[in-house]
Amino acid sequence: MPRSRKEFQVDGHKLSISNLDKVFYPETGTTKADVIDYYLRVADVLIPQVSRRPVTRKRWVNGVGTVAEPGQVFFTKNLEDGAPEWIPTEQINH
């Protein structure tokens, strides 16, 4: 089955997002596209709240799974090597 892909323009930057049909939450059928749509709808409120704050992402390999079969999870604190150069970053002293 072919994976869906869509291109977006955000602040003059071209973004290509793949696997939009990937199910993130199997119990509700919520897909990657559904999650992105939600963040786009709340962005005007969310972005000012999280701007300039450190981010740690909790990530699942193949979706969150279910109560009976939880998904494999890991944390990401650093920006991936393939991230665009225009994403602002700062060093954190701790």
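Restricting to the range 39-71, and then to whatever is within 13 Å of Tyr25 (Cα to Cα) and polar (S, T, N, Q), can you tell me which residue is most open to solvent (accessible area, probe 1.4 Å)?
The qualifying residue most open to solvent (accessible area, probe 1.4 Å) is Asn62.
Quick check on the range 28-57: of everything there that is charged (D, E, K, R) and modelled with pLDDT of 90 or more, which residue is farthest from Pro88 (Cα to Cα)?
Asp34
Is it the case that the range 37-58 has a residue that's over 20 Å from Ile87 (Cα atoms) and part of a strand (DSSP E or B)?
No.
With the requirement that a residue be open to solvent by 50 Å² or more (accessible area, probe 1.4 Å) and either in a loop (DSSP other than H, G, I, E, B) or not basic (Lys, Arg) (or both), what does the range 1-14 give you?
Filtering the range 1-14 for residues open to solvent by 50 Å² or more (accessible area, probe 1.4 Å) gives 1-3, 5-14.
Of everything in the range 1-14, those that are open to solvent by 50 Å² or more (accessible area, probe 1.4 Å) and either in a loop (DSSP other than H, G, I, E, B) or not basic (Lys, Arg) (or both) turn out to be Met1, Pro2, Arg3, Glu7, Phe8, Gln9, Val10, Asp11, Gly12, His13.
Inspect all residues belonging to the range 81-91 and state whether any of them is surrounded by 10 or more Cβ atoms within 10 Å (Cβ to Cβ) and either at pLDDT 85 or above or among the β-branched types (Val, Ile, Thr) (or both).
Looking through the range 81-91, at least one residue is surrounded by 10 or more Cβ atoms within 10 Å (Cβ to Cβ) and either at pLDDT 85 or above or among the β-branched types (Val, Ile, Thr) (or both).
I need every pair where a residue in the range 15-36 that is open to solvent by 40 Å² or more (accessible area, probe 1.4 Å) has its Cβ under 6 Å from the Cβ of a residue that is among the acidic types (Asp, Glu), sequence separation at least 6 or different chains.
Ser16/Glu7
Between Gly82, Gly63, which is assigned to a loop (DSSP other than H, G, I, E, B) and under 14 Å from the mean Cα position of the chain (by Cα)?
The match here is Gly63.
Any residue in the range 43-55 that's touching a residue at least 24 places away in the same chain (Cβ under 8 Å): show its pairings with residues that are assigned to a loop (DSSP other than H, G, I, E, B) and open to solvent by 90 Å² or more (accessible area, probe 1.4 Å) at Cβ separation under 7 Å, as long as the two are six or more apart or on different chains.
Pro54/Ile92
The values are calculated or read from the model by the stated rules, or taken from the named source; none is laboratory data. Note that this is a predicted model, so its numbers are computed, not measured. All Cβ positions, even for glycine, are placed from backbone atoms using ideal geometry, and neighbour counts span all protein chains on display. When the accessible area is computed, the model is the full protein with side chains, heavy atoms only, and any ligands, DNA or RNA have been set aside. Shrake-Rupley method; radii C 1.70, N 1.55, O 1.52, S 1.80 Å.
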